[in-house]
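Here's the structure, in structure tokens; my notes come after.
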Amino acid sequence: MDMYFDDVQIRLIILYTLKSFKTTMSEENFQDVLVFSGILDYFTLMDFVLDMEKMGLINSVTVDGKKCYDITNKGEELVALFNDRIPLTVREDIFDTGEQTLKNINREHEIVTDIVAVDVRKFLAKCGIYEMGTPLLELNIFAGSRENAEEIVNRFKKDAAALYKTILEQIVEG
């Protein structure tokens, strides 16, 4: 690694990466974009990711059994205000590597669902439709019980295209 980054820059680099990637990032995606390109080492990256999750700058979700990360609104606001603190060459490397990584993932339409515990008895159904890593539709639905959340997730998986079409028609046609 040729460059030295202070703690603020490291946080901004991680947030910028999440924002540029435009979809939930797995640890492998982070490694592809930041570690293998020589911007950050793995241990620094993961140490900061865990710290930033506690700070409310990023969220973690489990997708297909893998821990993945999303940027929060607070994280987006922060990186929008201060992304000029990241050297331009680093921003360009992140964007280029992220774009290549997204292409290599080789996905056309991807349906992602997850059940998230709000507390011990309340659950949220997270559902999304993505095309080439770009979100077409993302829904967070308060489901109440775990059973309701499972029902929502299963129905979404089964009828995602029809639900997307219905929602789009309602929004566009009003």
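The set of residues in the range 132-162 that are assigned to a strand (DSSP E or B) and either within 14 Å of the chain's Cα centre (by Cα) or among the polar types (S, T, N, Q) (or both) comprises THR134, PRO135, LEU136, LEU137, GLU138, LEU139, ASN140.
Among the residues of the range 54-100, the ones that are free of Cβ contacts under 8 Å to residues at least 24 places away in the same chain, farther than 19 Å from SER26 by Cβ and in contact with a Leu (Cβ under 8 Å, 6 or more places away or on another chain) come to 1 in all.
Return the residue satisfying two criteria in turn: it lies in the range 56-87 and is of a type in the set (A, V, I, L, M) and touching a Ser or Thr at 6+ places or on another chain (Cβ under 7 Å), and of such residues it is farthest from GLY128 (Cα to Cα). Looking at residues that are of a type in the set (A, V, I, L, M) and touching a Ser or Thr at 6+ places or on another chain (Cβ under 7 Å), I get LEU57. If you go through the range 121-174 and pick out every residue that is surrounded by fewer than 16 Cβ atoms within 10 Å (Cβ to Cβ), of a type in the set (Val, Ile, Thr) and either farther than 21 Å from GLY65 by Cα or at pLDDT 90 or above (or both), you end up with 5.
Cβ-Cβ distances below 8 Å connect the following pairs, each with a first residue in the range 25-40 that is under 22 Å from ASP6 (Cβ atoms), a second residue that is in a helix (DSSP H, G or I) and small (Gly, Ala, Ser), and a separation of six or more residues or different chains: VAL33/GLY98.
Kindly indicate which of THR89, THR62 is over 30 Å from CYS127 (Cβ atoms) and loosely packed, with under 15 Cβ neighbours inside 10 Å. Quick ask: steps written out before the conclusion?
On the way: THR62 fails: over 30 Å from CYS127 (Cβ atoms).
Selected residue: THR89, the only one of THR89, THR62 that is over 30 Å from CYS127 (Cβ atoms) and loosely packed, with under 15 Cβ neighbours inside 10 Å.
The values are calculated or read from the model by the stated rules, or taken from the named source; none is laboratory data. Remember, it's a predicted structure, so these values are computed and weren't measured experimentally. Heads up, the Cβs are rebuilt from the backbone with ideal geometry, glycines too, and the neighbour counts pull from every protein chain shown.
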